[in-house]
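S.K.: Before I ask anything, let me first share the structure, which is written out below as structure tokens.
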Amino acid sequence: MNKKTVKDLDLKGKRVLLRADFNVPIKDGEITDDNRIKQALPTIKYILEKGGKLIIFSHLSRVKNISDLETKSIRPIVVRLSELLGRKIVFIKAIQSKNLKTEIDKLKNGEILMFENTRFADVQINTETKECTIIKCESKNNPNLGAYWASLGDIFINDAFGTAHRSHASNVGIATNINETAIGLLMENELNTLANAMENTKHPFTAILGGSKVSDKIGVIEALATKADYLLIGGAMTFTFLKALGKNIGKSLYEEDKLDLAKKLLEKYSEKLILPLDVTCTKEFSNDSTPYIFDVDKIPNNLMGLDIGPKTVNLFAETIKKSKTIIWNGPMGVFEMNKFALGTIGVCNSISLLKGNDAITIVGGGDAAAAAIGLGFSDSFTHISTGGGASLEFLEGKELPALKVIDEK
Ligand code: ADP
Ligand code: MG
């Protein structure tokens, strides 16, 4: 890769603005998965070791109303990061204020400051009426905001791979208003791993595609289909393909306007596409609803398919077993409900058996990554991407806007 990384810059005594991706799940004020915070540690530690004055910021979820300014505060993340580093972090409960500048000026080499959720800049509150107006200064990359944040530092490091496919004030805006820019170590690792799998591919190369919609994945299906030796199809998108083949799919989800496309893909990639043999069906979209397994030719009218079945898990296992590269996007079923997680668990199991076989196994999509981690398979893959949408767009061969504006070596 020809982009500058944090290791190419002299950080000593410099005010280093670090865009991290701390968009972690928070329930009742508690962080339920701190994987993204942990993944950001190498860059943070590197900057501190080199004597940078570190200013870290991130978005957290979306901000649309006044109560979000309380519930979507980044404070719990500041606390967690401080614990993980064993260091004090100065927290400024603002995204733009005089005090922010003053506190940054007080920072000594190797000290850390964090400011609030960058998406707080997406709303404006009328102090008298408490009325909330959506202004999207962060999400629509308002040029004044990017310039303001850029004025707070000397160097900008972008380590937020998860938002690299977006053009926001906190990534593109700052990068275009500051002298020196580079990517962080997490971003570098993500990009190198994905690029290496796509460019120096070891065959057989199997793409596993699932999730909710064919339409979300068209780009990635087509990009992977040209390179992969096998395409295993699971998740709700199965049913658009089955319907395109003229099968009865009962009440399962499918996309009417994607049937023609599914037909074309089935023709074009007939030797590579592997569809499920059986599916786990049920009456209601609920974990309390009884699961029944049916071959794909026998799905009853009154049921919907929520997972791949056991024959399919075995069929996919045969292909996975002989693969040297695997890229997986989209869960095989509604893994959030344990009755319909068995297909996803089965695929994770098959992939975990490749460990030590010198195969490259990568999870791309956000939900597939959450499934792999949540179901206990964190150590079974060579790489679990922190960027759902960004990894998909990268695999499709699209240019990531936040990367484009980073200095070249
Ligand atoms: P990723 O984030 O990995 O790219 P998607 O966002 O495309 O994946 O899809 C994830 C969602 O798809 C999950 O919430 C899961 O419950 C849902 N899903 C998977 N299989 C089915 C199915 N058969 N019917 C309905 N929803 C499904
Ligand atoms: Mg998703």
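S.K.: Applying the selection to region 355-386, what residues are small (G, A, S) and either in contact with a Gly (Cβ under 7 Å, 6 or more places away or on another chain) or within 16 Å of ligand 2 (Cβ to nearest atom) (or both)?
M.R.: Kept after step one, since they are small (G, A, S), are these residues of region 355-386: 356, 359, 364-366, 368-372, 374, 376, 378, 380, 385.
Answer for region 355-386, where residues must be small (G, A, S) and either in contact with a Gly (Cβ under 7 Å, 6 or more places away or on another chain) or within 16 Å of ligand 2 (Cβ to nearest atom) (or both): G364, G365, G366, A368, A369, A370, A371, A372, G374, S385.
Conditions (1) surrounded by fewer than 16 Cβ atoms within 10 Å (Cβ to Cβ); (2) farther than 30 Å from Y292 by Cβ; (3) more than 16 Å from ligand 1 (Cβ to nearest atom), marked per residue:
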{"position": "G173", "(1), (2), (3)": "no, yes, yes"}
{"position": "A197", "(1), (2), (3)": "no, yes, yes"}
{"position": "G211", "(1), (2), (3)": "no, no, no"}
{"position": "E222", "(1), (2), (3)": "yes, yes, no"}
{"position": "A225", "(1), (2), (3)": "no, yes, yes"}
{"position": "L232", "(1), (2), (3)": "no, no, no"}
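S.K.: Which numbered condition in (1) within 14 Å of ligand 1 (Cβ to nearest atom); (2) touching a residue at least 40 places away in the same chain (Cβ under 8 Å) is the only one that A369 fails?
M.R.: (2)
S.K.: Oh, and also: Being within 12 Å of ligand 1 (Cβ to nearest atom), farther than 20 Å from M1 by Cβ and modelled with pLDDT under 90 narrows it down to one residue among G388, G364; which is it?
M.R.: On inspection, the qualifying residue turns out to be G388.
S.K.: Search region 1-57 for residues being among the small types (G, A, S) and surrounded by 20 or more Cβ atoms within 10 Å (Cβ to Cβ), and hand back the single one that is farthest from the chain's Cα centre (by Cα).
M.R.: Among them, the one singled out is G52.
S.K.: In region 274-307, how many are under 21 Å from I345 (Cα atoms) and in contact with a strand residue (DSSP E or B) (Cβ under 8 Å, 6 or more places away or on another chain)?
M.R.: Going through region 274-307 one residue at a time, the tally reaches 22.
S.K.: All but one of (1) surrounded by fewer than 16 Cβ atoms within 10 Å (Cβ to Cβ); (2) within 16 Å of ligand 2 (Cβ to nearest atom); (3) not charged (D, E, K, R) hold for N248; which doesn't?
M.R.: It is condition (2) that N248 fails.
S.K.: Which of the strands (runs of 3 or more DSSP E) found entirely inside region 68-132 contain at least 3 residues meeting this: of a type outside the set (V, I, T) and crowded, with 19+ Cβ neighbours inside 10 Å?
M.R.: Once the strands (runs of 3 or more DSSP E) in region 68-132 are filtered for at least 3 residues that are of a type outside the set (V, I, T) and crowded, with 19+ Cβ neighbours inside 10 Å, what remains is 112-115.
S.K.: Here is a further query. If you take the residues of region 189-214 that are under 12 Å from W328 (Cβ atoms) and within 16 Å of ligand 2 (Cβ to nearest atom), which of them is nearest to the chain's Cα centre (by Cα)?
M.R.: G211
S.K.: Okay, next question. Considering region 160-188 alone, what residues qualify as being hydroxyl-bearing (S, T, Y), away from ligand 2 (no atom under 16 Å from the Cβ), in contact with a strand residue (DSSP E or B) (Cβ under 9 Å, 6 or more places away or on another chain) and more than 17 Å from G52 (Cβ to Cβ)?
M.R.: S170 - this is the single residue of region 160-188 that is hydroxyl-bearing (S, T, Y), away from ligand 2 (no atom under 16 Å from the Cβ), in contact with a strand residue (DSSP E or B) (Cβ under 9 Å, 6 or more places away or on another chain) and more than 17 Å from G52 (Cβ to Cβ).
S.K.: Then there's this: Identify, by number, the condition in (1) within 16 Å of ligand 1 (Cβ to nearest atom); (2) under 30 Å from W149 (Cα atoms) that E188 doesn't meet.
M.R.: (1)
S.K.: Can you find, within region 349-387, the residue that is nearest to N192 (Cα to Cα) among those that are surrounded by fewer than 17 Cβ atoms within 10 Å (Cβ to Cβ) and hydroxyl-bearing (S, T, Y)?
M.R.: S378
S.K.: In addition: Among the residues of region 389-409, write down those that are in a loop (DSSP other than H, G, I, E, B), out of contact with any Ser or Thr (no Cβ under 8 Å at 6 or more places or on another chain) and of a type outside the set (D, E, K, R). Break it down stepwise before answering.
M.R.: Keep residues of region 389-409 that are in a loop (DSSP other than H, G, I, E, B), which gives 396-400, 405-407, 409.
In the following step, the residues that additionally are out of contact with any Ser or Thr (no Cβ under 8 Å at 6 or more places or on another chain) were identified as 396-400, 409.
Matches in region 389-409: G397, L400.
S.K.: Need the failing condition index for N338 against (1) crowded, with 17+ Cβ neighbours inside 10 Å; (2) over 19 Å from S215 (Cβ atoms), just the number.
M.R.: The single condition N338 does not satisfy is (1).
S.K.: Would you point out the residue of region 397-409, among those that are among the acidic types (D, E) and surrounded by fewer than 16 Cβ atoms within 10 Å (Cβ to Cβ), that is farthest from ligand 2 (Cβ to nearest atom)?
M.R.: Filtering first and then ranking leaves E408.
S.K.: Among the residues that make up region 242-254, is at least one of them closer than 24 Å to E318 by Cα and within 13 Å of ligand 1 (Cβ to nearest atom)?
M.R.: For region 242-254, residues closer than 24 Å to E318 by Cα and within 13 Å of ligand 1 (Cβ to nearest atom): present.
S.K.: Right, here's the next one. Does D367 count as in contact with a Phe, Trp or Tyr (Cβ under 9 Å, 6 or more places away or on another chain), acidic (D, E) and closer than 25 Å to G162 by Cα?
M.R.: Judged against the criteria, D367 is a match.
S.K.: For the list (1) touching a helix residue (DSSP H, G or I) at 6+ places or on another chain (Cβ under 6 Å); (2) farther than 28 Å from L11 by Cβ, I need the number of the one condition that T71 fails.
M.R.: (1)
S.K.: Using beta carbons and a limit of 7 Å, which pairs, at least six apart or on different chains, have the first residue in region 1-20 and assigned to a loop (DSSP other than H, G, I, E, B) and the second one loosely packed, with under 13 Cβ neighbours inside 10 Å?
M.R.: Correct list of pairs: M1/N192; N2/E408; N2/K409; K4/E408; K4/K409.
The values are calculated or read from the model by the stated rules, or taken from the named source; none is laboratory data. This is a predicted model, so every value here is computed, not measured. Ideal geometry is used to build each Cβ from the backbone, glycine not excepted, and the neighbour counts take in all protein chains shown.
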